[in-house]
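A short write-up of the structure that comes next.
The values are calculated or read from the model by the stated rules, or taken from the named source; none is laboratory data. As the structure is a computational prediction, the values presented were derived from the model and not from experiment. Neighbour counts are summed over all protein chains in view; Cβ atoms, including those assigned to glycine, are modelled from backbone coordinates with ideal geometry. For accessibility, only protein heavy atoms count, side chains too; no ligands or nucleic acids. Shrake-Rupley method; radii C 1.70, N 1.55, O 1.52, S 1.80 Å.
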Amino acid sequence: MCKSCVLNFHYHNSKYQKTQNNIESKSKMASQDYTPLTNISVTKSQISNCSFSKWYPLFKSHIPKAMIIKPLPNEFIQYLEQDGIILPNEDSSTSFYTQGITNDDENEYSDWEEQAANDESSSEQEQENERVDPLVHFPEFHNKLKSAIDELGSVTPKLNWSAPRDATWILPNNTMKCNEVNELYLLLNASNYIMHDLQNAFDECTGKEEEEEEERRKSNTPEFELILRKWFDINPALEFRVFVQNGKIIGISQRDLNYYDYLDALSDQFKDMLDGFVKDVIVPKFPDKDFVVDVYIPRPFNKIFLIDINPFARKTDPLLFSWNELIESSGDKKDYELRLVKENNVGRFVSKEHSENQVPKDLIDAALDPQAIKELTEKWKELLSRQEKDEENKL
Ligand SMILES: Nc1ncnc2c1ncn2[C@@H]1O[C@H](COP(=O)(O)OP(=O)(O)OP(=O)(O)O)[C@@H](O)[C@H]1O
Ligand SMILES: [Mg+2]
């Protein structure tokens, strides 16, 4: 018997976009200046080299604790790709996300679910039965994830390249911090950035024909990996994105685009530290000479943590620069710029980061509370009938 509780409303945008295969709304791709004149080509091998597991062993002492889980079972990939979210409802689990949603005569949800089930067509029911459920389709992997969280404590996940930064809305703490396996499932399932890794990682790659052929022979699908990074509280003000071309820094941008008044005074010190880090640590070992590296420099500013290495490509967000500007400045003999936000930018709050992937809070609440789903459905029905009446009156 299926023990799952099904959070099965097809919430707006994220899963909808999965079926539409319209992942290109990924904001990091959308916010750039495109000019046909400045071509930045990237090869599959350059993208592959930016997979976490490729560079993690090279720079382990500079990377906060992380666990690489690979290969991933196909069923897990299908689970991430399918519409809706099924959370495992284990007898032994005391999860906030699954408790109280069991189907019994005492709770109203069972009536509602029964009603909903009656309304469903048989083909929908069949589809339901085919849906991937962690407890049924990848129980061992599910237990592996639970053990990893037991070992590491709270974690933040990512696949080969992307973290689910667009899906924090689905967790009560509104961050990527996962304290239990259900949070991991919710976050990964709700993210379009994760879908980008699964379906579009090699889009827009160019390459020498032989290289392309070689990659095709190997397989056109990357070997997927799940990275669980041990959670630590990061001060976003002290995160930087470093653009490196031909082994040389061509620009550094503040990563979090808020104004921090103390950064300007530290700018020269950070540049010195990052010059040494890129030249002595990264360039000698990383296989490509063009890349974009994300770093974290916590107080007292005596160590640099490597957070991520991204492809030197338009799909990597240039943050405070534009790609054209970076490319055009790269030939300059003069010193590169560490660019900071210079003042509070009120306009920034008009559009919230990743807002194209967000949904009304009512829907999120409803996802976690059967009573709320019922109320929301009733409210929708009421609104619809009011709207119909209004339209009739107008005629
Ligand atoms: N171990 C950690 N604990 C807490 N937060 C973390 C940890 N590692 C990374 N983060 C946060 O997660 C953010 C996103 O991580 P990361 O850069 O790996 O994602 P990404 O998908 O590659 O982002 P981008 O699309 O901008 O390249 C980081 O900027 C950092 O603030
Ligand atoms: Mg990245």
Test Arg314 against the criterion of being at pLDDT below 95, of a type outside the set (Phe, Trp, Tyr) and within 21 Å of the chain's Cα centre (by Cα), and give yes or no.
yes
Exactly one condition in (1) assigned to a helix (DSSP H, G or I); (2) modelled with pLDDT of 80 or more is false for Tyr16; which is it?
(2)
Pairs please, first residue from region 45-64 and outside the structural domain of Asp288 (by TED's automatic domain parsing) and closer than 16 Å to Ser162 by Cα, second anywhere and within 14 Å of ligand 1 (Cβ to nearest atom) and among the β-branched types (Val, Ile, Thr), Cβ atoms under 6 Å, 6+ apart in sequence or on different chains.
Cys50/Ile309; Phe52/Ile227; Ser53/Ile68; Trp55/Ile309
So which of Val292, Val281, Val242 ends up being touching a His at 6+ places or on another chain (Cβ under 9 Å) and in contact (Cβ under 8 Å) with a residue 40 or more places away in the chain?
Val281
What are the residues in region 284-319 that are near ligand 2 (Cβ under 10 Å from one of its atoms), under 20 Å from Leu263 (Cβ atoms) and assigned to a loop (DSSP other than H, G, I, E, B), if any?
Asp317
Out of the residues in region 57-89 meeting the condition of being open to solvent by less than 30 Å² (accessible area, probe 1.4 Å), in a loop (DSSP other than H, G, I, E, B) and more than 29 Å from Ile307 (Cβ to Cβ), tell me which one is modelled with the lowest pLDDT.
Asn89
Going through (1) within 16 Å of ligand 1 (Cβ to nearest atom); (2) at pLDDT below 95; (3) of a type in the set (Asp, Glu); (4) surrounded by 14 or more Cβ atoms within 10 Å (Cβ to Cβ) one by one, Asp197 fails only at (2)
Taking the conditions exactly as written (assigned to a helix (DSSP H, G or I) and either at pLDDT 95 or above or more than 14 Å from ligand 1 (Cβ to nearest atom) (or both)), does Asp256 satisfy them or not?
no
